[in-house]
Structure formats: structure tokens, C-alpha cells
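Each remark here refers to the structure printed beneath this line.
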Amino acid sequence: MSSSAVDKFFPSPITLLTEDERMIKESVRKWAIKDLKPRLQEMETNECIYPSVIQKLFENGYMSMEINEKYGGIGTNFTSACIAIQEISRIDPSVALMVDVHNTLVVNMIRFWGSDYLKDKYLPKLAKDSVSSFCLSEANAGSDAFSMKTQAYRSSDNLFTINGTKSWITNAKEAEVLIVFCNVNPSEGYKGITAFVVDTDTEGVNIGVREKKLGLKASSTCQIVFDNVIVDASQMLGELGKGYEYCIKILNEGRIGIASQQIGIAKGCFDVVMPYLNEREQFGMKLADMPSLQQQYAQAATELYAAEVMMLNACRLKENGLPFVKEAAMSKLFASQVSEKICSQSIEWMGAVGYSTDYKVEKFFRDCKVGSIYEGSSNIQRQTIAKIMKSEYSH
Amino acid sequence: MKILVGVKRVVDYAVKVRVGANGVELKNVKMSMNPFCEIATEAAVRLKENKAANVSEVVAVSVGPKQCQDTLRTALAMGCDRAIHVKTDLRGDYMELQSDSVAKIFQKIVEEKEQNTDLVLLGKQSIDSDCGQVGPMLAGFLNYPQATFAANIDLDGDGLKVERETDSGTETIKIPSLPAVITCDLRLNEPRYATLPNIMKAKKKKIDTIDANDLGVDLTAKNKVLEVYEPPPRKEGIVVEDVDELIAKLKNEAGLLQ
Ligand SMILES: Cc1cc2nc3c(=O)[nH]c(=O)nc-3n(C[C@H](O)[C@H](O)[C@H](O)COP(=O)(O)OP(=O)(O)OC[C@H]3O[C@@H](n4cnc5c(N)ncnc54)[C@H](O)[C@@H]3O)c2cc1C
């Protein structure tokens with residue numbers, strides 16, 4: 001498709017995916033419908049992601065999207081990872097979040113800044129069967145993450161000892177590998193922040209109870225306490241004191257993944273709501289034919305389309321090595337707004353049926369809300385956008 | 001054993017087709033592998049995975065425009081070893097290229113390009129034209145035994161035991177020895193989806209392209225399509241009061257009960 005004569009002279013449309021990306025999209029969609037959908041309600045009720053589902057995530061390659069083939073990964077691009085997140089989210093946003101954190105945060109931090117030792121040690125298992133978590137937030141360090149209290153001090157030449165408590169950690173119950181941000185030198189403020197790769201089974205790592213949440217119930221979110229956890233200096237990710245820089249960089253791109261999750265949720269709503277509007281009749285006509293409803297769903301679809309184009313463009317900017325920080329922030333901000341609105345409207349459009357748990361639209365509504373909170377709240381996104389705008393106009 | 005499997009690119013089964021001036025509208029419509037061809041591909045790959053079948057190679061073949069390469073990639077990602085694309089821009093939904101030409105193309109491939117083929121697996125029909133003729137015609141042209149509407153395929157000595165769908169249940173027949181042609185029905189298997197590792201592996205597999213005009217096959221349509229129209233919309237139903245009324249109506253008005 002992409003080899004038409006036109007491509008040679010004009011940039012291709014942003015919504016045009018490569019052949020690989022199209023096949024990946026189709027493959028993930030098929031799996032999600034066939035394997036994931038039937039387990040959706042049970043996993044929601046039991047508040048867990050089944051091990052059999054996690055096993056499939058690995059076998060099917062969704063957990064190793066960007067890991068090089070030499071480590072047993074798929075070796076594809078960032079856009080493909082976002083496509084996979086979106087298609088999974090269209091069925092179950094909780095499972096999509098597991099895939100998102102693992103691929104876009106943990107794996108990529110190790111790929112970008114890990115030593116050869118860390119890559120050889122962790123990428124093969126992160127590709128094969130080890131779920132991971134990204135441990136940044138603390139009870140008193142959310143948006144202001146770099147005020148973290150977790151400390152690592154050099155207890156001997158080659159050892160660091162970590163103490164502190166991380167909060168709201170996604171995948172905590174399933175994770176075998178953690179990236180933990182600690183301050184090695186609190187007197188230097190954020191310049192002391194350093195990232196470590198920590199195995200969950202290291203002595204002193206204690207996973208707390210699951211948070212009871214509004215949505216994303218199948219996804220585990222827990223506190224993790226680090227009580228005199230001793231790690232070798234070789235577990236340090238990148239350079240001492242560079243943790244804040246890596247953190248900003250990885251979240252700048254990681255949030256495109258959250259935008260994809262949010263877009264997946266909105267698409268999931270449309271998948272349910274449109275067939276219903278086409279069926280349901282009131283006042284002798286189909287709901288889908290009522291002009292006032294048409295106005296609303298056409299508007300919603302337009303906003304969703306804009307959000308998707310923004311998300312894809314952020315991906316392509318990043319992949320082409322162009323500045324993307326503002327666009328990624330805009331993309332996540334907008335996608336979470338659009339998705340929340342579409343979830344809410346979908347419930348209204350379906351009436352009582354939308355409010356019932358049977359149709360899963362109310363689940364999307366609950367799952368969606370956190371899109372404006374994690375990986376930088378909406379206010380923080382606007383702050384980022386404003387900062388870049390200001391500098392663009394200050395000559 | 002070497003297996004040839006036919007994979008046709010058709011309008012996706014989930015698309016609500018529209019009829020235009022030249023038959024079903026194909027522009028900007030999602031196209032996918034014919035579902036029965038997916039079943040045939042799955043059957044081929046399962047035979048390959050069964051060590052006892054001793055399958056050396058599974059070759060996927062698709063006849064149609066250049067986008068058929070997407071369909072072939074899917075077949076390769078499902079586990080076929082290599083692929084042949086027989087290129088033609090003629091429409092494959094009976095409007096231009098018809099079953100007899102397709103069967104002859106397959107005959108040429110078996111006889112001239114892939115001589116030691118032991119088994120040709122095809123869908124029982126394609127969901128665009130619903131002719132169901134390529135399999136039987138191909139078996140006729142090649143003078144091979146055939147089993148149509150396969151619901152199960154088992155190895156049996158030098159041949160195969162095939163359970164066939166019939167109107168009154170299934171029938172089991174034996175193909176004593178290969179080569180043979182089998183067309184696959186819905187219950188034969190549930191096709192796998194291509195996993196990402198396999199999609200990536202498929203990129204390294206070979207697709208050969210042959211121009212359909214170079215095969216010396218008459219590609220002209222033998223039958224002429226006079227008209228394509230949408231089925232008339234279903235008339236609105238009625239609500240009956242009770243079972244007695246339903247039975248009365250089925251007897252007296254519908255003539256479905258006596
Ligand atoms: C389901 C879930 C999963 C999570 N997973 C992870 C994870 O895997 N790893 C991890 O490290 N963290 C995770 N988090 C934590 C998440 O990243 C934080 O919740 C987020 O950073 C916001 O921090 P906070 O909750 O402390 O809110 P606060 O920082 O207290 O913010 C509260 C409100 O104040 C606003 N606000 C704060 N500062 C400013 C400002 N300067 N200007 C304007 N407004 C401001 C915010 O926009 C927000 O509306 C998760 C959270 C949830 C709910």
C-alpha cells in the first residue's frame with residue numbers, strides 16, 4: 001500500500017501505518033477479542049490479571065516490542081508498542097497498563113541507559129517472562145516526584161543500601177524486576193537522584209497490599225517498602241546523579257503510551273455504543289438516526305480522531321529524532337480529556353444499559369479517569385506545554 | 001509431504017458491503033484473508049507441526065492484485081514456509097476472474113512450478129463469490145482424488161482419512177494415497193492469529209511473484225454477470241400472542257408445518 005507513486009513526492013499521511021504495524025495491530029486485536037475479552041469480567045471481579053494472560057502477553061511478543069531480537073525480543077518500533085497498548089486497551093485497559101509500563105518505561109530505560117551487564121542480565125528475562133515495575137512516586141512525592149525521600153547510601157565500595165517507601169506502583173504484585181529511583185545525595189537535591197534495577201526477591205523488598213481503586217481493578221497498584229535493601233553497584237542504571245534526567249526523558253515519551261491507552265478506551269466505548277445506537281429504537285426511530293444524538297457522536301468521533309492523529313504524530317516525531325516533548329504532553333492531555341468525555345457520553349447515550357455493568361462502558365468510564373492523573377497529571381502536562389511555548393516565543 | 005495452500009484476499013467478513021455500478025464496491029473497503037482459507041492454512045500448519053505427517057514444506061499461493069502480498073504475509077506469519085503471488089488485476093469476486101481460471105492457475109503451479117506437491121488445501125469456498133468450485137475443478141484438472149467440506153483430517157497409512165460435512169451429519173472417507181485436493185469447512189479448526197514473533201519471522205520468508213498472464217491460462221470469464229443487487233430488506237416481523245398462534249401461523253400462513 002505504501003509503495004504508491006504518490007509517496008515518493010509527498011510525506012505519507014500520519015494515519016498510514018507500515019505493513020508491520022498493520023499486521024501487529026490486527027494480531028493484537030484478534031488476540032484481545034479471542035483470549036482477553038472472555039476473561040475480562042472475571043479478572044475485574046477477582047482483581048487480578050490471570051497468569052495465563054500474562055504468559056500470552058510474553059509469548060505473543062507484546063512485552064518485548066522494542067527489545068532487540070538478540071535478547072529474544074520482537075525488535076520493532078515505538079509506534080508498534082503504542083498500537084499494541086491501544087488495541088489491548090480497547091478490550092481491557094488494565095492489561096494495557098501492564099504492557100505500557102513494562103515496555104515504554106522499564107524496558108526502554110534499560111535499553112537506553114543500562115550497561116551491557118544490565119542489558120545482558122535483564123533484557124532476556126524482560127522479554128521472556130518477567131513483569132516489571134517503575135518505582136518513582138511516594139506518598140509525599142507525586143507531581144513533585146523529585147522531592148522523594150527514598151535513599152540509597154553507599155554502604156561499601158561496591159554496595160548501596162536502599163531505604164524508603166514507594167507508592168502507587170503498577171504491576172507491583174506481578175513484578176520480578178523493579179526500577180527504583182533513590183536519592184544518593186540528598187544534600188544535592190534532585191542532582192542526587194539515581195536509578196537502580198532491583199530484583200523483587202532481594203531481601204528487604206516488601207510488596208504491600210493492593211490499593212482499592214475506582215477502576216483498573218485488575219491492575220495491581222501497591223506500596224513497596226525498601227528496608228535496608230542491599231544492591232551491588234553494578235545494578236545502578238546509567239550514571240550516579242542522572243536519575244532525574246532519565247526520569248524526565250522516559251516519562252516524556254512514556255506518556256504517549258498513556259495517550260494510546262486512553263484512545264483505546266474511547267474506541268472500546270464506540271465499539272459497544274455504536275451497534276447499540278443502531279439497534280435501539282425510541283419514539284419510533286433508531287437512536288443513531290436522532291439528529292441530536294448524531295450531532296453528539298459525530299463531534300465525539302472527530303475529537304477522538306484528532307487525539308489519535310496527535311498520538312501518532314508524537315510517535316513519528318520521536319522516531320524521527322525530532323523534538324516531541326510538547327506534542328507528547330499535548331497528546332496525553334488531550335487524549336485523556338477526549339476519552340473521559342466519550343466514556344461519560346457513551347453511558348448517557350446507552351441510558352440505563354450504559355450504567356449497568358453488563359455492557360462494560362461503565363468500566364471504561366472508571367478505568368479512564370486515571371488518565372488525567374498518572375505519568376504527569378493534566379496540570380503538569382499543561383505546565384510542560386506552557387514552558388515550551390514560552391521559550392518558543394522568547395527571542 | 002509438500003503442501004500447497006490457497007489463500008484468497010476478499011472483502012473482510014465483518015464489512016457491510018455496498019453495491020455500486022460494477023458490483024460490490026471494493027474501493028476503501030477492508031480486505032482480509034478469506035476465512036475458509038485461514039482454516040486451510042491452519043490445517044496445513046498443523047499437519048506440519050505433526051511430526052508423523054513429515055511435512056517438508058507449506059507453500060501459500062494467492063491469485064490477485066499486489067495487495068495479495070499482505071494476505072501472503074499473514075499466511076507466512078501463521079507458519080507457511082514460503083509463498084507464491086500470481087499477480088493479476090482482474091477482480092477475483094466472479095466479476096472478472098472466475099473459478100475455472102483460478103483452478104487452471106493452480107493446476108499450472110502444481111504441474112510446472114511445484115511439481116512434487118502432495119496435498120493442495122483450499123477453503124471450501126470464498127465468501128465473496130461463494131462458488132465453491134476451485135477445489136473440485138482443480139482435482140478434476142489434475143486427476144487427483146478429492147475430499148470436500150473437510151471437518152477433520154487424520155493421517156491414515158500413506159493417505160488421509162477425512163471427515164466431511166454433509167447435510168445429514170458427517171461422512172468419513174479415505175484417500176488411500178496422495179497427491180490429493182482437500183477443501184476445508186468451518187469446523188475443521190480454529191485458525192491461530194499471527195503472533196508478533198512469527199510476524200517478524202515471516203518478513204524473512206520468500207514471496208515469489210508470477211504474472212498470471214505468463215502461465216498460459218485463459219483468464220477470460222466464461223460466465224457473464226448480468227446484475228448484482230442487494231438483498232431486499234427484511235419485512236418487519238409480527239409479535240404473536242402465544243405458542244398456539246405461532247403454530248397456527250407456521251401451518252396456515254408460512255406453510256412450514258403440516
Ligand atoms: C492507578 C495508578 C497507577 C500508578 N502507577 C504508578 C507507577 O507505576 N509508578 C509510579 O511511580 N507512580 C504511579 N502512580 C502515581 C502517579 O504517577 C501519581 O499519582 C501522579 O504523579 C500524581 O501525583 P499525586 O497523586 O501525588 O498527586 P498530586 O501531586 O498531589 O497532585 C494533586 C493535584 O494537584 C495538581 N498539582 C500538583 N502540582 C501542581 C502544580 N505545580 N501546578 C498545578 N497543579 C498541580 C495536580 O494536577 C493534581 O490535580 C500511579 C497512580 C495511579 C492512580
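The values are calculated or read from the model by the stated rules, or taken from the named source; none is laboratory data. Just so it is clear, the structure is predicted and the values come from calculations on it, not from any experiment. Because the Cβ atoms are built from the backbone with ideal geometry, glycine has one as well, and the counts that use them run over all protein chains shown. Heavy atoms of the whole protein, side chains included, go into the accessibility calculation; ligands, DNA and RNA do not. Shrake-Rupley method; radii C 1.70, N 1.55, O 1.52, S 1.80 Å.
Here are a few things to note about the model shown:
- For the range B:120-258, carbon and sulfur atoms together expose 49% of the accessible surface, with a 1.4 angstrom probe and every protein chain in place.
- Where the range B:164-258 is the region considered: accessible area per residue in Å², 1.4 Å probe: 75
- Neighbour count of at most 16 Cβ within 10 Å plus DSSP loop: longest chymotrypsin sites (Phe, Trp or Tyr not before Pro)-free window in chain A: A:10-282
- About its Cα centre, the range A:54-169 has a charge dipole of approximately 180 debye under the convention of +1 per Lys or Arg Cβ and -1 per Asp or Glu Cβ, with nothing else charged.
- Residues in the range B:70-160 average 37 Å² of solvent-accessible surface per residue, probe 1.4 Å, ligands and nucleic acids excluded.
- By the Cα gyration tensor, the range A:244-390 has an equivalent ellipsoid whose semi-axes, rounded to whole angstrom, run 33, 15, 12 from largest to smallest.
- With all protein chains in place and a 1.4 Å probe, the accessible surface of the range A:133-241 carries 47 percent carbon and sulfur.
- Once the Cα-Cα distance is subtracted from the 0.36 nm per residue extended length, the A:ASN46 to A:TYR190 segment shows a gain of 47.9 nm.
- Projecting the Cα atoms of A:GLY284, A:LEU216, A:GLY321 onto the dipole axis of the range A:195-344, where Lys and Arg carry +1 and Asp and Glu carry -1 at the beta carbon, places A:GLY284 farthest toward the positive end.
- Sites excluded, GluC sites (Glu not before Pro) in DSSP loops with at most 16 other C-beta within 10 Å, longest stretch of chain A: A:240-395
- Separation of alpha-carbon centers, the range B:171-248 and the range A:123-156, rounded to whole Å: 52
- For the range A:274-364, trypsin sites (Lys or Arg not before Pro) are listed when DSSP marks them as loop and at most 11 other Cβ atoms sit within 10 Å of their Cβ; the list is empty.
- Per residue accessible area in Å² of chain A, where ligands, DNA and RNA are left out and the probe is 1.4 Å: 43
- A simple charge model with +1 on the Cβ of Lys and Arg, -1 on the Cβ of Asp and Glu and nothing else charged puts the dipole of the range A:112-227 at about 400 debye relative to its Cα centre.
- 1.4 Å probe, heavy atoms, protein only - residues of the range B:171-210 losing at least 20 Å² accessible area vs chain alone: B:GLU190, B:TYR193, B:THR195, B:LEU196, B:PRO197, B:ILE199, B:MET200, B:LYS203, B:LYS204
- Cα gyration tensor shape of the range A:3-131, rounded if a/c is under 1.5, else prolate or oblate by comparing a/b with b/c: oblate
- Distance between the range B:31-48 and the range A:217-267 - C-alpha centres, whole angstrom: 41
- GNM on chain A, alpha-carbon springs under 10 angstrom: the most fluctuating residue among A:LEU237, A:LEU216, A:LEU118 is A:LEU118.
- Once the partner protein chains are put back, the range B:68-99 shows a loss of at least 30 square angstrom of accessible area, versus the chain by itself, at B:ASP70, B:ARG73 (probe 1.4 Å, ligands and nucleic acids excluded).
- The aspartates and glutamates whose alpha-carbon is closer than 14 Å to the alpha-carbon of A:LYS341, local same-chain residues fewer than 8 away aside, are A:GLU303, A:GLU362, A:ASP367.
- Association of chains A and B removes close to 1600 square angstrom of accessible area from solvent, both sides included, for a probe radius of 1.4 Å.
- Of all DSSP beta bridges in the range B:101-250, antiparallel share, percent nearest 5: 60
- Ranking A:SER143, A:VAL273, B:MET31 by how far each Cα lies toward the positive end of the dipole of the protein assembly as shown (charges on Cβ) leaves A:SER143 at the top.
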